[in-house]
Structure formats: structure tokens, C-alpha cells
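Have a look at the structure below before the remarks.
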Amino acid sequence: MNFSDLEELWDTLTEARTRTRPEREQQILDEVEKFDSIHLLEDLLEQHFQTTSIKDISETDFDAATTLAWILIRRLRKSESGSVH
Amino acid sequence: MDLDPAFTEIRERVGPLNSVFSLKADYLEKGLAREQTAAFWKVFWENRNDHPTLPEFSLSLRYRMTCSAFSCEGDVSPPLLAIGRHSFVVECFGEEWAMSHDSPNKTPDDELERLVAPGYKSALEGDPSLDIVQVSTSDLKGRAMKLLYERLIVPVRVGKYRRVLCCMTAPIKPIEWLPKQA
């Protein structure tokens, strides 16, 4: 893990403390949308939490779900994906 | 010339060299593929004209799949984006590896990554790639294993336009864990 990763991790943790749940949900959806990969997020949530919508995650599971979502976003940032157009 | 006993021991332990055999679609059409590979192929084939999307695969299939980026750099496989909870790669390398904090985007075996990369490169051209892979590798704890599996890679849409490479890997025989050397 390099310094930029640590900084990003710190930002994520800080945001988790200061933002409301709807703001955190929207931030994740916006990030995933940037990569046009909503099905990957839905699949991740369904495999781990039996729902495809981050809005339906229970309060108990919400932090775990956001952690997994941010891992996905980091992987998307680090890779290039193709487009059918 | 006699072989060095140490070399003979390693060769017997590891078996034949690591290799990948490319197959044609008739392997699937003749019903030779594993059940999960055949089911994965069926979804892809039935939706091929509209570019299949991830939700078209059942949850039970998605549990066993991996999704990788639609790009290859260098001679290694494309980075992993999603790892199905019950996928063969989790069976081999463990849940601890799949869920580790540094979010693995490749298996721990660089040689394996290079060996299996050509199949991904072929799928990047838009065609399904079907192989049988025979390989010896080891997990993060250094436990050696021999694997024989079939692997089908197809392009799948995960958003309006974005594609990834989805891979279904099915063991042809159970993982052969090798005894630790003294």
C-alpha cells in the first residue's frame, strides 16, 4: 500500500464519520456510475447481503457493505474496462 | 546420465508441466463440459446478440464466476474486479485471500497469471475462450496443489455500455493438495 492509498483510505474513513448515510450511499452510486458498472455493485451486494440495492442494506451491515463497495471502486479505478460502443 | 535425485523428486511431486489446452465449442455442444460451465455457456449463447448482462446470469452462477477488466497489459491476465464467493479460485487460494484488505486483483501466483493470460486475450477480441488448464501452484500459506480445470471466458456487460470478462472455472477433478516437504 503506497501513501496515496493511505490518504484515500483516510478520506473514506473521515467521510464515513462526517457524512450521513444517504450521502454515503449516493457517493458510492456516483463512483460506480462513473465506471458504468452498476451490475458489479448489485452483484456484490446480492452475494453478501441478499439485496441488490445499497439503500436496502440494514444498519448493522451498512459499514461492511460500504467497505466492500469501496474495494470494488478501487479495483475499477485501477483498471480499464471496455465499452461495446 | 542419471538425474539428480532432488530433481526427480520435484518432478514426481509436480507432475507434467503446467499447460493450457484450447478447446472448440463442440466440447460444449457434445455435453462434455461440467454442469456449471454448460449453464454459464447457455446464458451467454441465448443472449449473445444483445451483449449479455451480468444480471442475466443466475445468482448461483454468479457465486461461481469471476469478473476481470476488459483489458490486458503485458503478459499477465487482466485484473480481477469481482470474485464470486464460491468460485474455484476461492476454493484454491482461500476466503482469507479473496477478502484481504489489500483487495487482491490477481492470484498470488504470477506464473499462473502469465500461463492463463492468452485465454483472456482471446476473449478480449469478443469471442468466448474455452480451455482446460493443468497447473501446479500454491496458496498464501505455501501449501502446494495440483489443479485440473476447465475455464470458459466470455465478455459480459455490467452497465449501459461497459463490458468485463466473466470467467467460469470448474474443476475436472478435486484439488490435489501435495504433502509438505520436510
Task: Members of segment B:148-166 found to be open to solvent by less than 10 Å² (accessible area, probe 1.4 Å) and away from chain A (no Cβ under 14 Å), listed by number - done: B:Glu150, B:Arg151, B:Leu152
- [ ] State all residues of segment B:118-175 that are under 20 Å from B:Thr37 (Cα atoms) and among the small types (Gly, Ala, Ser); if no residue qualifies, say none.
- [x] B:Gly119, B:Ser122, B:Ala123, B:Gly126, B:Ser129, B:Ala170
Task: Close pairs from segment B:143-170: first without any contact (Cβ under 8 Å) to a residue 24 or more places away in the chain and closer than 12 Å to B:Arg64 by Cβ, partner part of a strand (DSSP E or B) and of a type in the set (A, V, I, L, M, F, W, C), Cβ under 9 Å, at least 6 apart - done: none
Open item on the list: Just to be sure before I move on: is B:Glu113 in a helix (DSSP H, G or I), away from chain A (no Cβ under 11 Å), surrounded by fewer than 22 Cβ atoms within 10 Å (Cβ to Cβ) and free of Cβ contacts under 8 Å to residues at least 40 places away in the same chain in the structure I sent?
Closed with: yes
Open item on the list: Condition first: open to solvent by 20 Å² or more (accessible area, probe 1.4 Å), more than 26 Å from B:Gly31 (Cβ to Cβ) and not in a strand (DSSP E or B). Now tell me which residues in segment B:119-139 satisfy that.
Closed with: B:Lys121, B:Leu124, B:Glu125
Open item on the list: Between a residue in segment B:50-63 that is open to solvent by 50 Å² or more (accessible area, probe 1.4 Å) and any residue that is hydrophobic (A, V, I, L, M, F, W, C), which pairs come within a Cβ distance under 9 Å, given they are 6 or more apart or on different chains?
Closed with: B:His51/A:Val84; B:His51/B:Val156; B:Glu56/B:Val43; B:Glu56/B:Phe44; B:Glu56/B:Val156; B:Ser58/B:Ala39; B:Ser58/B:Val43; B:Ser60/B:Ala39
Open item on the list: When you scan segment B:36-53, do you find a residue that is closer than 25 Å to A:Arg74 by Cβ and within 12 Å of chain A (Cβ to nearest Cβ), even just one?
Closed with: yes
Open item on the list: For A:Thr52, only one of the following conditions fails: (1) closer than 24 Å to B:Asp50 by Cβ; (2) at the interface with chain B (Cβ under 7 Å from one of its Cβ atoms); (3) without any contact (Cβ under 8 Å) to a residue 24 or more places away in the chain. What is its number?
Closed with: (2)
Task: Filter pass, B:Gly142 being open to solvent by less than 30 Å² (accessible area, probe 1.4 Å) and of a type outside the set (A, V, I, L, M) - done: no
- [ ] Within segment A:50-73, work out how many residues are under 11 Å from the mean Cα position of the chain (by Cα) and more than 20 Å from A:Arg17 (Cα to Cα).
- [x] 1
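The values are calculated or read from the model by the stated rules, or taken from the named source; none is laboratory data. Everything numeric in this text was worked out from a predicted model, so none of it was measured. We place every Cβ from the backbone using ideal geometry, glycine too, and count neighbours over all the protein chains shown. In case anyone asks, the SASA skips ligands and DNA or RNA and just uses the protein heavy atoms, side chains included. Shrake-Rupley method; radii C 1.70, N 1.55, O 1.52, S 1.80 Å.
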